[in-house]
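The values are calculated or read from the model by the stated rules, or taken from the named source; none is laboratory data. Since the structure is predicted, the reported quantities are computational estimates derived from the model, not experimental observations. Reconstructed Cβ throughout: ideal geometry from the backbone, glycine too, with neighbour counts over all protein chains shown. Each accessible area value is taken on the protein alone, full model and side chains, heavy atoms only, with ligands, DNA and RNA left out. Shrake-Rupley method; radii C 1.70, N 1.55, O 1.52, S 1.80 Å.
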Number of protein chains: 2
Amino acid sequence: MNTQTPPVDRHERRKLETRSRIENAAYLLFSENGIEATSIEMICEAADVARRTFYSHFPNKQAVIGELGISRLYSQAEPMLAMLMEGHATTRQQLDGMIEYIETRFAAYQEVDRQLMISAPARFTSDPQQQGKISSDAIGAFARMIAAGQEKGDARTECSPEILATMIVGTLTTMTTNWAIDPTYPIFSKLEEARLLFQLIVCVDSPEPE
Amino acid sequence: MNTQTPPVDRHERRKLETRSRIENAAYLLFSENGIEATSIEMICEAADVARRTFYSHFPNKQAVIGELGISRLYSQAEPMLAMLMEGHATTRQQLDGMIEYIETRFAAYQEVDRQLMISAPARFTSDPQQQGKISSDAIGAFARMIAAGQEKGDARTECSPEILATMIVGTLTTMTTNWAIDPTYPIFSKLEEARLLFQLIVCVDSPEPE
DNA sequence: GCTCAACCGCGCATAATTGCACAGTTGTAT
DNA sequence: ATACAACTGTGCAATTATGCGCGGTTGAGC
């Protein structure tokens, strides 16, 4: 079982750095000034990139907004899960660690994060292939964690890793979207419910005593 | 009285970033492995730059060594002094702050810093114009501080700011070189002597009571 | 002595970024 | 309505970084 990441050459790395620079600058300015009041000019100045460069990465401001929204919805599952699998022995502990991590992120989110998440679907509208890819990347990461658990004997084997992973990703994404749309959505208690649900469905070891 | 720094465009900034990346990587590798055992290949890998790029910045490894040596000898006087002039009201206080700053740097220096400083003169041999420029940049920065003191009335006016600045730069460079050559050189007590000397020669206010 | 790996230095074509200037749009002030 | 500032989106030439591969050197192993 190996992660299928293609080798990235320096051209690609430099390009990703520049893109990151733009996204980080945009996020900071959106936080400070609001999304509407932030211009592409301002982003380029803060990122210290040419406007010409901005347009080689993104077709318009909306595209950056969407990209930032997606990164909040999909939590960059792969690096997180690789880390959790490394540091936790059982699938149950990994799911625990994952919920802790997600709770930490929610504690840190601001209003602008909500706005960005609400904008994410528009990104998918302009580039529908992207949705499939991001969704399948996230599901793939969870599936690998569950498959490892099945090999260890502490995860349910009646269902495929893919369907279990899809359940996890789908549940989390829905809850996140609900929170973005409705500020009164009780995300932390819902995450605790999700923790119980996921462990009930996925884990076949007996729960550890409190 | 204004600092004469030409505007730097993004091309220049990107270039300087890359150059910095190379120098910082080199410094770290020199610290870890020693100067001799560090190859250009290793520096490029650590800096994540192409070897072709290394050669567009430096003709060979010796050039990086020399550059790092010079930066240790000449302490980037201009930003430091601008900061000191901003944060301290009198010339005496600025000289105090400068000596504190230099002492802090010496406390942090390692063996590799000594080796780099010893190598600095070789850099001047391969590019003699550079010595004049760096030396005059450092002297210029000190001269501006002293000229400001003369206008304020707390620095000696019988001598020009340039000659007083030359004395300061020359003394500090000599002491630094002595320390690089001889590890037993008592640099901290010498710096305290230099503090007294500079304030005796430059300042015309009465020393503040301890 | 020969072979090989590691490294050096460099020519050259390609990739990514940059700066510039143009045409167009929008909002504000007169 | 007109003028202007601020911003957007884009074509294009110049700059910087990159990858590649070549010829050369050096040291180690056989």
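Identify the residue in the stretch A:21-38 that is free of Cβ contacts under 8 Å to residues at least 40 places away in the same chain and either within 10 Å of DNA strand C (Cβ to nearest atom) or buried (at least 17 other Cβ atoms within 10 Å of the Cβ) (or both) and, among all such residues, is farthest from B:Arg13 (Cα to Cα). Show your work before the answer.
First pass over the stretch A:21-38, keeping only residues free of Cβ contacts under 8 Å to residues at least 40 places away in the same chain: A:21, A:24-25, A:28-29, A:32-33, A:36-38.
If we keep only those that are either within 10 Å of DNA strand C (Cβ to nearest atom) or buried (at least 17 other Cβ atoms within 10 Å of the Cβ) (or both) as well, we get A:21, A:25, A:29, A:38.
Numbers: A:Arg21: 15, A:Ala25: 17, A:Leu29: 22, A:Thr38: 24 Å.
Checked the stretch A:21-38; the qualifying residue farthest from B:Arg13 (Cα to Cα) is A:Thr38.
Of everything in the stretch B:52-79 that's among the hydrophobic types (A, V, I, L, M, F, W, C) and without any contact (Cβ under 8 Å) to a residue 40 or more places away in the chain, which residue is nearest to B:Arg114 (Cα to Cα)? Spell out how you get there, then give the answer.
Narrowing the stretch B:52-79 to residues among the hydrophobic types (A, V, I, L, M, F, W, C): B:54, B:58, B:63-65, B:68, B:70, B:73, B:77.
Going one step further and asking which of them are without any contact (Cβ under 8 Å) to a residue 40 or more places away in the chain, we end up with B:54, B:58.
On the way: B:Phe54: 24, B:Phe58: 21 Å.
Across the stretch B:52-79, the extreme among qualifying residues is B:Phe58.
When residues of the stretch A:39-74 are filtered for being within 14 Å of chain B (Cβ to nearest Cβ), open to solvent by less than 30 Å² (accessible area, probe 1.4 Å) and among the aliphatic types (A, V, I, L, M), how many remain?
Residues that pass the stated criteria total 2.
For the stretch A:175-206, give me each residue that is open to solvent by 50 Å² or more (accessible area, probe 1.4 Å) and of a type in the set (D, E, K, R).
Those that are open to solvent by 50 Å² or more (accessible area, probe 1.4 Å) and of a type in the set (D, E, K, R): A:Asp182, A:Lys190, A:Glu192, A:Glu193.
If you scan the stretch B:80-95, which residues turn out to be in a helix (DSSP H, G or I) and over 25 Å from B:Val112 (Cα atoms)?
Here is the first cut: in the stretch B:80-95, the residues in a helix (DSSP H, G or I) are B:80-87, B:91-95.
Result: B:Leu81, B:Ala82, B:Met83, B:Leu84, B:Met85, B:Glu86, B:Gly87, B:Thr91, B:Arg92, B:Gln93, B:Gln94, B:Leu95.
With the requirement that a residue be in a helix (DSSP H, G or I) and farther than 17 Å from B:Ala194 by Cα, what does the stretch B:146-179 give you? It would help to see each step written out before you state the result.
Within the stretch B:146-179, the subset in a helix (DSSP H, G or I) is B:146-152, B:161-179.
Hits for the stretch B:146-179 are B:Ala147, B:Ala148, B:Gly149, B:Gln150, B:Glu151, B:Lys152, B:Pro161, B:Glu162.
Tally time: how many residues in the stretch A:153-174 are surrounded by fewer than 17 Cβ atoms within 10 Å (Cβ to Cβ) and among the polar types (S, T, N, Q)?
Residues meeting the conditions: 4.
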